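Notes follow once the structure below has been shown.
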Amino acid sequence: MEKTKFPGVLCVLATALTAVPAESLQEEQEETDPSWEYNAELSLLFTSGNSTVRTFGIGGGARREWAGGELSLRAGGLRTESGTTRRIAVGTADNFTVRSESDPEPTAENYFARGEFERSFSDHVHLTTGAGWERNTFAGYESKLSLVGGIGNVWIDNERTRLKSDYGLTLTAQNDVIEDPDKSSTFGGVRVSTSLRRRLTETANLESTLTLDENLTDAADLRADFANSLAVDINSSLAVKTGLRLVWDNAPALTRAPLEEPGGVPTGETVLVPRHKLDSTLTIALVANF
C-alpha cells in the first residue's frame, strides 16, 4: 500500500520552538543557569522452585529548563521471562534419579525512548515538539517511531498541582512483526493529551497522563495511552513508585493462530487474527533522584 505523505508542519513547529533570538537566550542564561535533574528506576522480581519467573525493569529520565522552555528525556525497558519446572525421572521404575529442568521464555518485553521540548509563550500557552521510539514484539511491532508537534495550554499551575493539555499533529512509522497488507506502515495523526501532576502530601506525588491518537488514514485506528504513577518518598533521594499503564489500540497488529476444525482437530494451518486491544502493565520500582 502507498505510504501516506505527511505535510511539513512538524518541521515548521520544531523550527519555531527552537528559534530563540541570541540576545534573549543570552539574557535568560545570565539570569539563571539551571542544572539537569535526573532520576533512575529499578524493578526486579525473581521466583524459583515449581515455576521460574524473572522480571527486570530499568528506566531513567532527565529534565532541564532551557531557552524559555522545558526539555525532558526518558528511556527504559521491561523484560519478563517465565517457565514451569519439569521433573524427569531417569532409570527404571525401581531405581531412578530425579532431575529438574526449567527453560524460561520471554513473555513480556518492552523498550522505549522519548524526548520532548515545551516552550512557553505565556503563563498558559506553550508550543511542544517531541519524538519517541518503542519496541514491543508482544504487542505486534518491532519498532514504532513517532514525531509530534503542536500547541498546548495550562489549566492549573501552582505549588501543588499542574494540569495541562496538548493538541498536535503526529507522524508515525510502525514496523509490525507480521505485516498487515491492508495498513500503511507510515501515517499521520491527530493527538490530544492531558497531564496531571499533583502533590498529595509532603511525601506523596501523583502523575497521570491520558493520550489519544487518531490515525488520519484509518479512522478505526484510534489509540489511547493512560499512564498513572504514585511515588512515595523514603528520603530526599529515594522513593517507591507504583505505576499502572493501560494501552488501547482499536486496530491492533496481527498474529498467527492455529486453525482447528469445529471438533477441535488441528488442521496444521494458521490464520491471521488481530491481537488483544488492551495491554495493562503494573509496576513497582525503586526511584533514585539526583
Filter the stretch 249-277 down to residues that are touching a Pro at 6+ places or on another chain (Cβ under 6 Å) and assigned to a loop (DSSP other than H, G, I, E, B) and give me whichever is surrounded by the fewest Cβ atoms within 10 Å (Cβ to Cβ). K277
Determine whether F290 is in contact (Cβ under 8 Å) with a residue 60 or more places away in the chain, hydrophobic (A, V, I, L, M, F, W, C), out of contact with any helix residue (DSSP H, G or I) (no Cβ under 9 Å at 6 or more places or on another chain) and within 25 Å of R198 (Cα to Cα). yes
For the stretch 176-202, how many residues are over 16 Å from the mean Cα position of the chain (by Cα) and polar (S, T, N, Q)? 4
Can you name every residue in the stretch 216-248 that is assigned to a strand (DSSP E or B) and touching a residue at least 40 places away in the same chain (Cβ under 8 Å)? A231, L238, A239, V240, K241, T242, G243, V247
Given the structure, is L206 surrounded by 16 or more Cβ atoms within 10 Å (Cβ to Cβ), touching a strand residue (DSSP E or B) at 6+ places or on another chain (Cβ under 8 Å) and either in a strand (DSSP E or B) or of a type outside the set (K, R) (or both)? no
Say we look at the stretch 101-146 and pick out the residues that are polar (S, T, N, Q) and not in a loop (DSSP other than H, G, I, E, B); which of these is farthest from the chain's Cα centre (by Cα)? S120
Give the residue that is surrounded by the fewest Cβ atoms within 10 Å (Cβ to Cβ), with candidates limited to residues of the stretch 164-177 that are assigned to a strand (DSSP E or B) and hydrophobic (A, V, I, L, M, F, W, C). A173
Between a first residue in the stretch 147-160 that is part of a loop (DSSP other than H, G, I, E, B) and a second residue that is surrounded by 13 or more Cβ atoms within 10 Å (Cβ to Cβ), which pairs have beta carbons less than 8 Å apart while being 6 or more apart in sequence or on different chains? E159/R199; R160/R198; R160/R199
Does S35 meet the test of being out of contact with any Pro (no Cβ under 6 Å at 6 or more places or on another chain), at pLDDT 80 or above, of a type outside the set (F, W, Y) and buried (at least 17 other Cβ atoms within 10 Å of the Cβ)? no
Looking at D218 and the list (1) surrounded by 16 or more Cβ atoms within 10 Å (Cβ to Cβ); (2) within 25 Å of T137 (Cβ to Cβ); (3) within 21 Å of the chain's Cα centre (by Cα), which single condition is not satisfied? (3)
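Out of T161, T129, T107, T97, report the one residue that is under 30 Å from N250 (Cβ atoms), of a type in the set (V, I, T) and surrounded by fewer than 17 Cβ atoms within 10 Å (Cβ to Cβ).
Checking each option against the conditions leaves just T107.
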Please verify whether the stretch 226-239 includes one or more residues that are of a type outside the set (V, I, T), touching a Phe, Trp or Tyr at 6+ places or on another chain (Cβ under 7 Å) and loosely packed, with under 13 Cβ neighbours inside 10 Å. yes
Considering (1) at pLDDT 80 or above; (2) over 30 Å from S237 (Cα atoms), say which one T55 fails and leave the rest. (2)
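The values are calculated or read from the model by the stated rules, or taken from the named source; none is laboratory data. Computed from a predicted model, the values in this text were never measured in an experiment. Heads up, the Cβs are rebuilt from the backbone with ideal geometry, glycines too, and the neighbour counts pull from every protein chain shown.
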